[in-house]
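Heads up: the structure comes next, in structure tokens.
The values are calculated or read from the model by the stated rules, or taken from the named source; none is laboratory data. Small disclaimer: the values here were computed from a predicted structure and weren't measured. Cβ placement follows ideal geometry from the backbone for every residue including glycine, while neighbour counts extend to all protein chains displayed.
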Amino acid sequence: MLNRRFLRVKVLQQIYAYHQAEETDMAAAERRLLDSVDNLYGLFIRQLTFWVEVKCFAERRIEENLHKNFPTEEDLNPNRKFVNNHVLNALENNTDLMRLAEKYKINWTDDREDFIRGFYNRLREYPEYQEYMASSKSSFALDKKLILDIIDNHLEDDEVLFDYYSDKNLGYNSDYQLGLFLLWKFINELDEHFDASTKLPTAYKTENEDNNDDKRFLLKLFRDTLKHADEYQELVKANISNWDYDRVALMDKIIIFMALTEFCQFQDIPVKVTINEYIELSKYYSTPDSRRFVNGILDKLSEQLKAEGKLVKTGRGLV
């Protein structure tokens, strides 16, 4: 589920928090790192169950309208396209999602009458929803497209949804965008064979393997970046020109130190992959000038480390 970029983000966030809090307890910091990964995965599960609950609310509303004292024509002949959405029905019946919802103690009972109703009313106003409901065409692909379009065009800026998740768990505040991307990615990759017995992806892609390489990558990147911070600091100081090291943003320093860790401690990760990954992180998590600075310093440092024989790559890392 969580690819290496997501894991890099979690390490970046936790090292930043470690420095801000002037942390000294490495074991406690590692536990918080693992908890933050689990927290992000829990947010993904909560978002899946949220869509199921919205669908269930729509069903209850249809049933209530049928029993009005003076039902309208629309009440008597409701458009059931949304509540028959193949994706949402498959999720509702999935036993693994039920298990995970129980594990993360997700219960929407207390939120039905205000939060769920509010979102459902906003959903009905979205042009994508209205177009979907008005269309006579029906397919698994179109059912997927509705959800993907709503995520793409509306959820990122839905302040009510953001505030709700933040109130539920403070950690969701920084993970909201990541959680939306995980949700989008999962729905986008869903196929028609997904049913009640299909297993959901695990937090770590390698979670069911003996070594769990992704979890090992996460912890090693975190530990080694902190372990070699002083060494990396001197290396960066010696290689920046026209920059005052003390004025370099803390986030930029951490990004560079993490990249240096991958250069020197992860022999199977190609240098170009590392540079590209941390340039991307700098775009989203640091200042507008960071991309250019990070790119320049990493190019320079990679060449120096290679010349000194300290950048040794094997296997996949040679590519």
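Residue-level analysis places Asp175 outside the set of residues that are at pLDDT 95 or above and farther than 19 Å from Lys81 by Cβ. Within region 253-275, at least one residue is surrounded by 21 or more Cβ atoms within 10 Å (Cβ to Cβ), at pLDDT 95 or above, in contact with a His (Cβ under 7 Å, 6 or more places away or on another chain) and closer than 16 Å to Gln304 by Cα.
Select from region 76-88 the residues that are more than 13 Å from Leu48 (Cβ to Cβ) and within 25 Å of the chain's Cα centre (by Cα) and write down the one among them that is surrounded by the fewest Cβ atoms within 10 Å (Cβ to Cβ).
Within region 76-88, the subset more than 13 Å from Leu48 (Cβ to Cβ) is 76-86.
After this cut, where a residue has to be within 25 Å of the chain's Cα centre (by Cα) as well, the list is 85-86.
Details: Asn85: 23, His86: 17.
Only one residue fits best here, namely His86.
Residues checked against (1) within 26 Å of His193 (Cβ to Cβ); (2) assigned to a helix (DSSP H, G or I); (3) not polar (S, T, N, Q):
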{"position": "Val83", "(1), (2), (3)": "yes, no, yes"}
{"position": "Val87", "(1), (2), (3)": "yes, yes, yes"}
{"position": "Glu102", "(1), (2), (3)": "yes, yes, yes"}
{"position": "Arg117", "(1), (2), (3)": "no, yes, yes"}
{"position": "Leu146", "(1), (2), (3)": "yes, yes, yes"}
{"position": "Asp163", "(1), (2), (3)": "no, yes, yes"}
{"position": "Tyr176", "(1), (2), (3)": "no, yes, yes"}
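Looking at region 7-55, which of its residues are of a type in the set (A, V, I, L, M, F, W, C) and part of a loop (DSSP other than H, G, I, E, B)?
Ala21
Within the span defined as region 87-98, one or more residues are more than 24 Å from Asn153 (Cα to Cα), without any contact (Cβ under 8 Å) to a residue 24 or more places away in the chain and assigned by TED's automatic domain parsing to the domain that holds Leu12.
The residues in region 201-216 that are in contact with a strand residue (DSSP E or B) (Cβ under 6 Å, 6 or more places away or on another chain) and of a type in the set (Asp, Glu) can be counted, and the count is 1. Considering only residues in region 132-146 that are closer than 18 Å to Val52 by Cβ and of a type in the set (A, V, I, L, M, F, W, C), the one that is surrounded by the most Cβ atoms within 10 Å (Cβ to Cβ) turns out to be Leu146.
Kindly evaluate Leu219 against the criterion of being within 27 Å of Leu88 (Cα to Cα) and either in the same structural domain as Asp163 (by TED's automatic domain parsing) or at pLDDT 95 or above (or both). It would help to see each step written out before you state the result.
Numbers: within 27 Å of Leu88 (Cα to Cα): no; either in the same structural domain as Asp163 (by TED's automatic domain parsing) or at pLDDT 95 or above (or both): yes.
Criteria not met by Leu219.
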